[in-house]
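The values are calculated or read from the model by the stated rules, or taken from the named source; none is laboratory data. Bear in mind that the values here come from a model prediction, so they are computed numbers and not experimental data. Reconstructed Cβ throughout: ideal geometry from the backbone, glycine too, with neighbour counts over all protein chains shown. When the accessible area is computed, the model is the full protein with side chains, heavy atoms only, and any ligands, DNA or RNA have been set aside. Shrake-Rupley method; radii C 1.70, N 1.55, O 1.52, S 1.80 Å.
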Amino acid sequence: MAPLGSGRRRIAVPVGLALTASLAFLPSVAASAAPLGNTADAAVAAKPDATGPKLSYVANLTTYASVKAAKKAVERAGGTVVTSYEQIGVVVAHSQNPDFAKQLRAQRSLFVSVGATRTAPLQTVATTEEGTTQKLGAADAAKAAAKATDGQEPLEPNQWDLRAIKADQAHKINDGSRNVTVGVIDTGVDDTHPDLAPNFSKGQSANCVGGVADTTDGAWRPYPDGSDHGTHVAGTIAAARNGIGVAGVAPGVKVAAIKVSEPGTSLFFTEAVVCGFMFAAEKGIEVTNNSYYVDPWLYNCKADDDQKALVEALGRATKYAERKGVLSVASAGNSNHDLASNAIVDDTSPDDATPVPRTIDPHVCLDIPTQLPGVVTVSATGDQGLRSYYSSFGLGVVDVAAPGGDKWQVPATPDANGRVLSTLPGGGYGYKQGTSMAGPHVAGVAALLKSAHPKATPAQLQAMLKAQATKTACPEKIYDAAGALVDAATCQSKWGQTGYYGYGVVDALKAVK
């Protein structure tokens, strides 16, 4: 999946952050083999073909199937088991057998669904932001510091986003508890950054790329040529109030890094993301931030065998994490799509090969993890409180809204930059916009709520987020991608919700009172 960057991916962001699905399905590499025989035994009797591309698969077990039996079936079909999660009945495997998935699907007593997690061969070993990063220069930093008042961090005068959700006021009451950790499932976090090091939790951090958690010291950091996305997200959540740089929404909580993006491409594949949710669940993380969509499909349609398996595996992982006390927050995306409509043109999937345009129904073809049950879906706003021009939306889909930045909504700050300022790898600071930036504001507020209500369940935290949100009506106008004010004709409202803002914009001050 690709990062939602300055908002969750779509415009000029790593392709890996977009999940695409449609009613017109691409033929799967894994499902293109010759038909099987009449029985499961016939399907596995012959020596497996190993002439196809090496792909990664997830196999979802039936209720009463044993992992041991599933592993043997994988091996008989020419696969190699990478890892397994007995807690949720999911096995991750690699295979070069073009009929691998088809042969396992034929064994219905063992498998509910089996699917390839990508369409291109494995490489040796993306996010949702809109546009590129703008690094903060020394002159702009000095200008902001000159405007800082007592109690503010040096760059806080430029953080219009904190004031938009009253986080600056909340900090005068409670910065959050050290007993609460937010896991950043993303492209990696630079834990050596002076604004992140005081709150970083190494013991709850890992590299899940490939599907197996690597907890080697520093494995969670961005690749040398990798994305700054995860580090920026982490700063918005929990940059320390230490007299350096910026402040996070919850500067007193801990932050952990769970790296799930591929090197070189920053794509987010299912096996890595499943590993991320499972790792967070087992390590006692209370909140996860997910500013990406799982690649290679922007939307995953259950009518397709491969995509169905990906939805199943990820749904099992997020539900397990929820049962273990994890609240998952996800960005709505940067495609300016109405996720409550009946038809969306997906022209970016699969993003690991040549995309084939298709029209999908988002009610049955899901953006993952955004549209999974129990996940808090977040849209983006700008300084004027209007929905950001790139942000996806949808009545009954979006739960809450938060600042994600909008270059057309210019704030009265020293630098007059409508994007969100946060930390960058190497000790720097910079601006991004996107639903990727909105999500961590909500994750930060959720962490403040968990700090104030340590026994609250994920469902209770989500209910409080919605109940405390500032109700926001549909606007008359919003900015389009060209910066022109246009009628907000796509905003719908019902039952106290709107398609643009859900239950409203989150409120950090109410969270700590």
inquiry  = Looking at region 384-400 only, could you name the residues that are surrounded by fewer than 24 Cβ atoms within 10 Å (Cβ to Cβ) and either farther than 15 Å from Asp338 by Cβ or at pLDDT below 95 (or both)?
reply    = Gln384, Gly385, Leu386
message = Would you confirm whether or not region 236-243 contains a residue that is closer than 30 Å to Ala148 by Cβ, out of contact with any strand residue (DSSP E or B) (no Cβ under 9 Å at 6 or more places or on another chain), charged (D, E, K, R) and surrounded by fewer than 24 Cβ atoms within 10 Å (Cβ to Cβ)?
response = yes
ask   = Given (1) surrounded by 24 or more Cβ atoms within 10 Å (Cβ to Cβ); (2) closer than 28 Å to Ile165 by Cβ, where does Cys275 come up short, assuming only one miss?
value = (2)
ask   = What residue, of Ser341, Ser335, Ser391, Ser349, is touching a strand residue (DSSP E or B) at 6+ places or on another chain (Cβ under 8 Å), over 18 Å from Thr435 (Cα atoms) and in a loop (DSSP other than H, G, I, E, B)?
value = Ser349
Ile173 hydrophobic (A, V, I, L, M, F, W, C) and surrounded by fewer than 24 Cβ atoms within 10 Å (Cβ to Cβ) = yes
query = What number of residues within region 176-219 are in contact with a Cys (Cβ under 9 Å, 6 or more places away or on another chain) and open to solvent by less than 10 Å² (accessible area, probe 1.4 Å)?
reply = 4
query = Which one of these does Asn38 not meet: (1) surrounded by 24 or more Cβ atoms within 10 Å (Cβ to Cβ); (2) modelled with pLDDT under 95?
reply = (1)
query = Could you list, in sequence order, the residues of region 322-332 that are in contact with a Gly (Cβ under 9 Å, 6 or more places away or on another chain) and part of a helix (DSSP H, G or I)?
reply = Glu322
query = Name the residues in region 269-285 that are farther than 22 Å from Tyr299 by Cα and out of contact with any Gly (no Cβ under 6 Å at 6 or more places or on another chain), would you?
reply = Met278, Phe279, Ala281, Glu282, Lys283, Gly284
ask   = Among the candidates Thr124, Thr117, which residue alone is open to solvent by 70 Å² or more (accessible area, probe 1.4 Å) and either at pLDDT below 95 or farther than 30 Å from Val420 by Cα (or both)?
value = Thr124
task = May I ask you to say which residue of Ala272, Ala280, Ala240 is more than 20 Å from Glu86 (Cα to Cα) and either at pLDDT 95 or above or assigned to a helix (DSSP H, G or I) (or both)?
result = Ala240
query = Just wondering, is there one or more residues in region 128-145 that are at pLDDT below 95, open to solvent by 10 Å² or more (accessible area, probe 1.4 Å), under 30 Å from His337 (Cα atoms) and over 21 Å from the mean Cα position of the chain (by Cα)?
reply = yes
query = Got a number for residues in region 147-170 being β-branched (Val, Ile, Thr) and open to solvent by less than 70 Å² (accessible area, probe 1.4 Å)?
reply = 1
task = Could you pull out the residue among Asp361, Asp351 that is surrounded by 24 or more Cβ atoms within 10 Å (Cβ to Cβ) and of a type in the set (D, E, K, R)?
result = Asp351
Total residues in region 48-104, condition over 30 Å from the mean Cα position of the chain (by Cα) and not in a helix (DSSP H, G or I) = 13
query = Does Val345 meet the test of being over 30 Å from Leu461 (Cβ atoms) and open to solvent by 60 Å² or more (accessible area, probe 1.4 Å)?
reply = yes
request  = Please find, within region 324-366, the residue that is nearest to the chain's Cα centre (by Cα) out of those that are acidic (Asp, Glu) and farther than 21 Å from Ile478 by Cβ.
outcome  = Asp351
